Amino acid sequence: MDTVSRIERDNRRFKEIARGHINKHLRHYISRGELIGRRGRHLVSIPIPQIEIPQFRFGHRRRGGVGQGEGEPGTPIGVGEPQPGQGQAGDQPGEHILEVELTFEELAQIMAEELELPRIQPKGKKNIVSEKERYSGIRRVGPESLRHFKRTYREALKREIMSGTYNPSSPVVIPVREDKRYRSWKEVRKPESNAVIIYMMDVSGSMGDEQKEIVRIEAFWIDTWLRSQYENIETRYIIHDAVAREVDRHTFFHTRESGGTMISSAYELCLKLIHEHYAPDEWNIYPFHFSDGDNWGGGDTQKCIAILEEELLPVVNLFCYGQVESYYGSGEFIRDLRDHFGSDHEVLVLSEIEGRDAIYDSIKTFLGKGR
Amino acid sequence: MLGSTTLPPELEAARNEIRRRALDLGLDFFEVIFEMVDFKQMNELAAYMGFPRRYPHWRWGMEYERLKRSYEYGLHKIYEMVINTDPCYAYLLANNELVDQKIVMAHVYAHSDFFKNNLWFAHTNRRMLDEMANHATRVSRYIDRYGLEEVEDFLDICLSLENLIDRHSVAIRRHPPPSPGSTDEDEEELAIRHPEVPRLQVPGAYMDRYVNPPELLRAEAERRRQEARRRSEHVPPEPERDVLLFLLEHAPLKTWQHDVLSIVREEAYYFAPQGMTKVMNEGWASYWHSTIMTQTGVMTDAEVVDYADHHAGTVAMSLYRINPYKIGLELFRDIEERWNKGQFGKAWEECDDMQARREWDLDLGLGRQKIFEVRRVYNDVGFIDTFFTEEFCNRHRLFTYKYNERTNQYEIDSRDFQAVKQKLLFSLTNFGYPIIYVADANYRNRGELYLVHQHEGVDLDLDYARPTLVNLYRIWRRPVHVETVVGDVPRLLSFDGKDHAFRKLERRRMV
């Protein structure tokens, strides 16, 4: 039909423009925190101000507005700008916050094109094929444990109303067998290659919020890329100052400690995790370590080098050390590593991240090896 | 058209019945032509804002992409769409359940009534379907002749200035109509040369020389002459809020550019009343679909649950968000109840006995009549300003929220009625866009364009203002300025073709 070709033409044009913008400006966006938007439903949204048509308008961040609900003045109502219901009053029809939503696969693909990343060759002899169930349908028969309560209720209610047995003053709805609905599943077969990312971060006093933000952004992109390469990814998080401990993702990015730094403690914990959970012949292992490079002087760096050389490097796919520039850090550690291993080591990758703009190059350094 | 306008028999029967009920209830609508479309066609139409033919532009494609994605992920589903034309075209999503279609039809008849009767729509072109297609043809012709890049580029510029129109101009005569003939021009010239100078009244003529000294009168006459001369030569004579019109009349545009800009302006004016009456229009339609569905027997018993489910979904207030459908619907119901019970006028306003107010019922039964009157004469701003009451505000637990820098979160600011009303009104005034005038087209006597932003407490977003200025420059082709206030300091934002400037101003120009 005529209109179909019309909308497709406009759609194609938009994509051309958007794609062009993304490629050209990815470097810019990578270093911006707010890019990492919605992660639910496996979508990330990339705002593209370049194709937002600029107009005179109010600064609409932090402007405030009118909402509805319970709570006293001072009650927080969420971090983001509350989104008004559909068709916000005062919005012209057809105008929206312009953003391109991409699936992680698309994002990873654009990233690969832009950063010229090679595809990873998974190691490990096993390519396990696993069966997975996906609950995707509704059936009239099934085990009680899978009964779909809402649908069943709805059917029962419909039946009672239709047959006239429903009594509004005593709204008791009793489902009979014909009303019952059950979730049903399909079996999906998937080849599986496993990988684990172990993030380690120095949280000693010298790592400030800006340094953590850089680590957070970089970790997001690394995640995105590795997730596009493996079926099954696990992530573990280790923070350390003079001692190391394993934490969850939130704690990882939000902890600030003070005190000294013993990097070896983190490496030891990392090694322990690998020994206990991730047999190197079945898992692709990616430790990433971020620090400001200020290690405790008493021979700890020597210990780190020993652990790396003898135990960690032989079993991992890649060991990445990113050194974030900080006001306090001496930045010795990366030099010591470089002196010992050389800057061209096969498995150990070193990168210095001076600021947000350097994240781009750093990711390229880390992931450019195709391992 | 896209889909089929012949409805299946059971839908046709439902349509006839709903139409008859709507007429019985007093709705007065343009005839409605319903078309069945599938979800893909629905998304296409929504991207084109309801019109099957629009000029080629990527932003429709962008909107389509967004709708398509969000449909695929189950984030939204468009049940109905209706356009303001005579006859009215409305789209039904094929394969919806019958009860859904009934709700949509009732809803659409009320929209059509609103389009036909609300005064803010009076100026709109009811044959817009043809007009839009005509625009599409013209723009396509320019694309063939001048190339996609060039025309698209110019369209982007126009769309960037699209909101700079005078939404009230359709109802107000801002300028006296140009007086025909040269006599008036001579008179005008005469008035400039010999301005009238007011004198102080004195009892005796002998005092006149002292009270109104001749040299002072002469000096005043000269001052007035110069003032009048300056004004007669000033462009625009009065600050002009229809910036697009001003550009059409004064900017150095090629013929095709002139045409494209006038297309963008025409469409902006066509859509303006829909933005100005969003709360009312949706409230009105929701009021009538619920009335028709629940009170006239168009619904079978078996459909009640699905109806309630669907209706609840439309007017749901999710936590902390306000829904214009719901606010509009509740306000209409509130007005109906108040006028039925006589809860208005002096005695009501002055009564502060809560008990008496609660039980106030004069049994006037004026509710229906009142809401029909309201739908005729108000737009959202007047609607909220007049009918949004403290009781309503409290009943619906409305509040204002603000941003807390310290915690990096939005939080509830106040439940004060005046504060909530102010915020609501502000978001509706001028569409929630800043009000901007053309103040001077010959700034510094160098043909530079000087705009003034009428600052009302909220600053412009400078990240947007700068590129917009660049676009303005590309039309005006001389340096452009916009006067505004940033952080309580009067500022002049300028772009001269190469560089942006951001100067402090000593004082504000008055508009």
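Cross-link partners of B:Lys254 among lysines, defined as those whose alpha carbon lies under 27 angstrom from its own and excluding same-chain residues fewer than eight positions apart: B:Lys498.
Taking a ≥ b ≥ c as the square roots of the eigenvalues of the Cα gyration tensor of the range A:194-367, is the shape rounded (a/c under 1.5), prolate (a/b larger than b/c) or oblate? Judged from the Cα gyration tensor, the range A:194-367 comes out rounded (a/c under 1.5). Normalised by the number of residues in the range B:400-486, the average gap of Cα pairs under 8 Å and 6 or more apart makes the relative contact order 21 percent.
Taken one residue at a time, the phi angles of the range B:478-486 give Karplus couplings (6.51, -1.76, 1.60, θ = phi - 60°) of 9, x, 10, 9, 9, 8, 8, 10, 10 Hz. Gly and Pro are set to x. Our summary gives the range A:194-367 a relative contact order of 25 percent, counting only alpha carbon pairs under 8 angstrom and 6 or more residues apart.
Once the Cβ-Cβ distance of B:Gln201 and B:Glu238 is raised to the sixth power relative to R0 = 30 Å, the FRET efficiency obtained is 0.40. Taking amide H positions as modeled 1.01 Å from N, with prolines and chain starts lacking one, the residues under 5 Å from B:Leu451 and 5 or more places away or on another chain are B:Ala439, B:His481, B:Val482, B:Glu483.
When the residues B:Thr85, A:Thr365 are ordered by accessible surface, computed with a 1.4 Å probe over the protein chains alone, the sequence from largest down reads A:Thr365, B:Thr85. A simple spin-label model places pseudo-atoms 7 Å from Cα toward Cβ; at B:Arg223 and B:Lys40 they are separated by 7.5 nm. Measuring only protein heavy atoms, the 1.4 Å probe finds A:Thr165 accessible over about 90 Å². Taken along the Cα-to-beta-carbon direction at a fixed 7 Å, the label points for A:Tyr135 and A:Ala242 span 5.0 nm.
What FRET efficiency do you get for B:Ala122 and A:His250 if R0 is 56 Å and r is their Cβ-Cβ distance, rounded to the nearest 0.05? Plugging the Cβ-Cβ distance into 1/(1 + (r/R0)^6) gives 0.50. Rounded to the nearest 10 degrees, the inclination of helix B:324-341 to the longest alpha-carbon principal axis of chain B is 90 degrees. Distances between placed amide hydrogens fall under 5 Å for B:Ser414 paired with B:Thr400, all partners being 5 or more residues away or on another chain. Treating r as the C-beta distance of B:Glu390 and B:Glu506 and R0 as 51 Å, the FRET efficiency rounds to 0.75.
B:Met81 contributes an accessible area of around 30 Å² to the protein surface, as traced by a 1.4 Å probe with all chains present. Rounded to the nearest whole Hz, the Karplus-based 3J(HN,Hα) values (6.51 cos²θ - 1.76 cosθ + 1.60, θ = phi - 60°) of the range A:145-154 follow the sequence 5, 9, 5, 8, 4, 4, 5, 4, 4, 4, with x at glycine and proline.
A 1.4 Å probe over all protein chains sorts B:Lys346, A:Lys272, A:Lys180 by accessible area into B:Lys346, A:Lys272, A:Lys180, starting with the largest.
Computed over chain B, relative contact order equals 14 percent, with contacts defined as Cα pairs under 8 Å that lie 6+ residues apart. Applying the Karplus relation 6.51 cos²θ - 1.76 cosθ + 1.60 with θ = phi - 60° to the range B:109-115 yields 3J(HN,Hα) values of 4, 5, 4, 5, 4, 5, 4 Hz, where x marks Gly and Pro.
Compared with the dominant principal axis of the Cα atoms in chain B, helix B:128-146 is inclined by about 60°. Here each label is just a point 7 Å from Cα along the line to Cβ, and for A:Ser258 and B:Gln369 those points are 7.7 nm apart. Which of the three applies to the range B:226-297, rounded, prolate or oblate, going by the alpha-carbon gyration tensor with a ≥ b ≥ c and a/c under 1.5 meaning rounded? Oblate shape, in that a/c is at least 1.5 and b/c is the bigger or equal ratio.
Take B:Tyr79: with every protein chain present and a 1.4 Å probe, its accessible area is about 70 Å². Would you mind checking the tilt of helix B:9-24 against the longest principal axis of the Cα atoms of chain B, expressed as 0 to 90 degrees and rounded to 10? For B:9-24 against chain B, the angle is about 60 degrees. Distances between placed amide hydrogens fall under 5 Å for A:Phe319 paired with A:Leu348, A:Val349, all partners being 5 or more residues away or on another chain.
The values are calculated or read from the model by the stated rules, or taken from the named source; none is laboratory data. Just so it is clear, the model here is predicted, and its values are computed rather than measured. When we count neighbours, we look across all protein chains shown, and the Cβ atoms used for this are built from the backbone with ideal geometry, even at glycine. The accessibility values were calculated without ligands, DNA or RNA, using every heavy atom of the protein model including side chains. Shrake-Rupley method; radii C 1.70, N 1.55, O 1.52, S 1.80 Å.
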